[in-house]
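Following: one structure in structure tokens, then a few remarks.
Read the figures in this text as sums done on the coordinates, not as results from a lab. Bear in mind the structure is a predicted one, so any value in this text is a computation, not a measurement. Please note: Cβ atoms are built from the backbone with ideal geometry, for glycine as well, and neighbour counts cover all protein chains shown.
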Amino acid sequence: VLGLLGRQRTLVNAERVFEWLRQRQRANVFHFNRYIDVLGKRGRWEQARATFQSMHASGVQADVVSYSTLIAALEKGRQWKAAVQALEEMRAAGLSPNLITYNSLMSTLGRCGKWHKALEVFEEIK
């Protein structure tokens, strides 16, 4: 439902549904991930980051998809340092990045002109 609502002209309905779920403590990791994805695709990387950061306070544990989706959202805002930091936080949480995570990070770095850093990430996954 969140994905469908996120494709509408405005995000008002998606925001309402997500807040309804969160207020009733029914939002799970899938809901958070989907909402972060919707925000990221709409260029609202700051709101996506804030939503990600609110997961723990809501009693929801971020997973690999959560971090990968956040990194993809940060690309829209050209926030390469925050994307690298998200990868470091992911590892510190004991999660292993997957190819989607690395691809999102390399895309963010490339978009920001940080080709040498993108190549370092590529070398890491070879």
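Starting from the Cα of LYS76, draw a straight line to each of the aspartates and glutamates and keep only those under 17 Å, dropping any in the same chain fewer than 8 residues away. Output for LYS76: ASP37, GLU46.
For the stretch 110-125, putting each phi into the Karplus relation 6.51 cos²θ - 1.76 cosθ + 1.60 with θ = phi - 60° gives couplings of x, 4, 8, x, 9, 4, 4, 5, 4, 5, 4, 5, 4, 4, 5, 8 Hz, in residue order, rounded to whole numbers and with x for Gly and Pro. Applying a DSSP loop filter and a limit of 15 other Cβ atoms within 10 Å to the trypsin sites (Lys or Arg not before Pro) in the stretch 19-70 leaves ARG24, ARG26. Just to confirm the number: angle between the C-alpha axis of helix 64-76 and the first principal axis of the chain, 0 to 90 degrees, nearest 10? Value to nearest ten degrees: 80.
From the Cα gyration tensor of the stretch 5-75, with a ≥ b ≥ c the square roots of its eigenvalues, which class applies: rounded if a/c is under 1.5, or else prolate if a/b is larger than b/c, or else oblate?
Here the stretch 5-75 falls in the oblate category.
A straight Cα-to-Cα reach below 21 Å connects LYS126 with the lysines LYS114, LYS117, residues fewer than 8 places away in its own chain not being considered. The stretch between ALA50 and ARG16, if pulled fully straight at 0.36 nm per residue, gains 10.6 nm over its current Cα-Cα span. Measuring nothing but alpha carbons in the chain and taking Rh as the Kirkwood radius, the Rg to Rh ratio lands at 0.99. Normalising the average separation of contacting C-alpha pairs (under 8 angstrom, six or more residues apart) by the number of residues puts the relative contact order of the stretch 1-114 at 22 percent.
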